[in-house]
Structures are given as C-alpha cells and as structure tokens.
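To keep things clear, I will list the structure first and then write my remarks on it.
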Amino acid sequence: MGFDDDSESRQFIQTHLEQTVKLKSNIVRRFNESFINNNTGEEGEVDTEVRDSLLPGRTGKFAQVQSSWEVLPDGTLRKLEFLVAPQSEELKTLVQVELRPRIKVDCSTLSLCPIAA
C-alpha cells in the first residue's frame, strides 16, 4: 500500500477514518455487545457500528477497510478497531486506533502483518 510509519501516513489514515464516520451509507451492521468489567464484575453493553470503506494507498492500490466504532449515548463515535483486508484474504492487519486526543496505533508499523483467524 506504500504507507510508512511516519506522521504523514498516520495523518492520512486518520483523515480517512474521520471521513468514514461522516457517511451513513457505509454502515454495514450495528449491534449491542455485552461484557463484564474485569475490575468491578459489573455487566455492561457496547453499542457498535461496523463500517466498510475503501482506503487508497500511495502505490495506487486500494484495500477494503472494515472499522468498528463504539456509539456513545450522545451519538459520538469513539475507539475504533479496523481490519485492512487486501485482495488476498490470507493476509490481514488488525490495527486499533483511538482518535481522542491523538491517533494511537497498536502495531509497530502500518505495514500489513498476518494475524490469526
């Protein structure tokens, strides 16, 4: 895809994701997920939206991105996880990002790395 681990690439991806949440037409699924807080033992629920988008790379190739967003009670979208699925389904990248206050990437680089299915 041609992305490097630098501020320009991170800004490009952050902008792509910010634009993704502005379009209602790319919501492919919405669901509530229950969880138990490991610290308190309390049950909770997360309202989640899954969105599809197409990420253009610097090399001219495109990759499908499926992102999951927590929908807060006021409608604000927060914390996302996105999966970049290149044409070869054998290789996928899982990247977790938090857009507040800065972008946070839980991968050492923005390059594609295999994950367990």
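Mind checking which residues of region 12-45 are within 26 Å of Thr59 (Cβ to Cβ) and touching a residue at least 40 places away in the same chain (Cβ under 8 Å)? If the condition is that a residue be within 26 Å of Thr59 (Cβ to Cβ) and touching a residue at least 40 places away in the same chain (Cβ under 8 Å), then Ile13, Gln14, His16, Leu17, Glu18, Thr20, Val21 are the ones that fit.
If you go through region 46-64 and keep only what is assigned to a strand (DSSP E or B) and either in contact (Cβ under 8 Å) with a residue 60 or more places away in the chain or within 12 Å of Ile27 (Cα to Cα) (or both), you end up with Thr48, Glu49, Val50, Arg51, Asp52, Ser53, Ala63.
Arg30 meets the conditions (1) in a strand (DSSP E or B); (2) out of contact with any strand residue (DSSP E or B) (no Cβ under 8 Å at 6 or more places or on another chain) in every case but one. The failed one is (2).
Throughout, read-outs are computed from the coordinates displayed, never taken from laboratory work. Bear in mind the structure is a predicted one, so any value in this text is a computation, not a measurement. Cβ coordinates were reconstructed from backbone atoms using ideal geometry, including for glycine residues, and neighbour counts include every protein chain displayed.
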